[in-house]
1. Does residue 240 qualify as being modelled with pLDDT of 75 or more and in a helix (DSSP H, G or I)?
2. Out of 147, 110, which single residue is farther than 30 Å from residue 22 by Cα and modelled with pLDDT under 80?
3. Got a sec? Which of 25, 35 is closer than 27 Å to residue 136 by Cβ, at pLDDT 80 or above and surrounded by 12 or more Cβ atoms within 10 Å (Cβ to Cβ)?
4. Given the conditions (1) in contact with a helix residue (DSSP H, G or I) (Cβ under 7 Å, 6 or more places away or on another chain); (2) part of a helix (DSSP H, G or I); (3) without any contact (Cβ under 8 Å) to a residue 24 or more places away in the chain, which single one is not true for residue 134?
5. Do we have residue 331 as within 19 Å of residue 285 (Cα to Cα), outside any strand (DSSP E or B), modelled with pLDDT of 80 or more and in contact with a helix residue (DSSP H, G or I) (Cβ under 9 Å, 6 or more places away or on another chain) here?
6. Which of the residues spanning segment 253-286 are surrounded by 12 or more Cβ atoms within 10 Å (Cβ to Cβ) and at pLDDT 80 or above?
7. Among residues belonging to segment 71-94 that are under 20 Å from residue 34 (Cβ atoms) and at pLDDT 75 or above, point out the one that is farthest from the chain's Cα centre (by Cα).
8. Only residues in segment 236-251 that are touching a residue at least 12 places away in the same chain (Cβ under 8 Å) count as the first member; pair them with residues that are assigned to a loop (DSSP other than H, G, I, E, B) and surrounded by 10 or more Cβ atoms within 10 Å (Cβ to Cβ), Cβ under 8 angstrom, at least 6 apart or cross-chain, and list the lot.
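The values are calculated or read from the model by the stated rules, or taken from the named source; none is laboratory data. Please read all numbers here as calculations on a predicted model, not as lab measurements. Note: ideal-geometry Cβ built from the backbone for every residue, glycine included; neighbour counts use all protein chains shown.
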């Protein structure tokens, strides 16, 4: 959810809650004021009636629709007065209407009377409902208007922030040198832009330094390793060489080759992490896989390993062809290395996935997933393995936001790459 929508939604929710609380309180308060006004009016009428009774008989006091009744009583009583609501049937309108009633016991010229004054509340109720309706409409217009104003202001206010986000999405340390942000008068956005610019500059310098170091280290290591290997080859051609010396030279030669492979692999890992393979193109997975299988054709025949290939769909992706070739090549060679003779490697290509699976070699169970894609964490005792192949696969998948997962089902190891 966008921040502007989050703020606007919270604003509307809280405003609605406040309105739901305020409107009933307003209704109760207004009703109390109206009843108080009715009560005060009826008390004034009662005082007027008391003054009239001093000079006139109760029957002489005329009232409209019998809203005032004066009943003489002979019993002794204490003066009292009470107000209450009571439904009264109005014959003229043929309906029952709620009235406000004042019932008071008074004594005038030594005579006792019960004065009952009632007033219809229908006009007050209509007035109260109209006021509440107007208030509700006013609050609704106020909430909607303020919400739209808040949304409009927030949208303009957050434009610099959105510009920063869009610039950062397109930022690449190997290409971008400097980011030009939208000018703003908001101090917090200026501070954010300044911090990001400093971070970008530091990252650019670190990237260039790391890139130069990697290239220089790789170049400087390749030369002595090549010299080391060539000298060993010359040494092996000299004579006389004892069997023990030949064995030692062979072990040194193997170590030199391994050192050379480690150097190349670490250099590749660094280039992948630095995204030094920017060129991308549309790649047909089946074509890449056919090329890799043809490279390992002799090894497959030598180990008498069968291939079960299922192409459910001719999937096409956009990526760097060199990296995809390395990804598929590592997964295929990994399956080939850990498959016994006369067994089967299964390859399945769907629209969004590619799976390599092979029978477990020598009854090896499920691999340790926590260390599977870590550098130099080997899952076997094979000295030929550098423990870097699966990490390279993981780095390539991370670069293109692919998902790579490992499963062990029915005594078969499988690696699946999800492209979407």
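1. Criteria not met by residue 240.
2. Criteria check complete, one pass: 110.
3. None of the other options fit; the residue is 35.
4. With respect to (1) in contact with a helix residue (DSSP H, G or I) (Cβ under 7 Å, 6 or more places away or on another chain); (2) part of a helix (DSSP H, G or I); (3) without any contact (Cβ under 8 Å) to a residue 24 or more places away in the chain, residue 134 is out only on (1).
5. Against the criterion (within 19 Å of residue 285 (Cα to Cα), outside any strand (DSSP E or B), modelled with pLDDT of 80 or more and in contact with a helix residue (DSSP H, G or I) (Cβ under 9 Å, 6 or more places away or on another chain)), residue 331 qualifies.
6. Result: 280, 283, 284, 285, 286.
7. This residue is 81.
8. Sorted first by the residue in segment 236-251, then by its partner, the pairs are 249/241.
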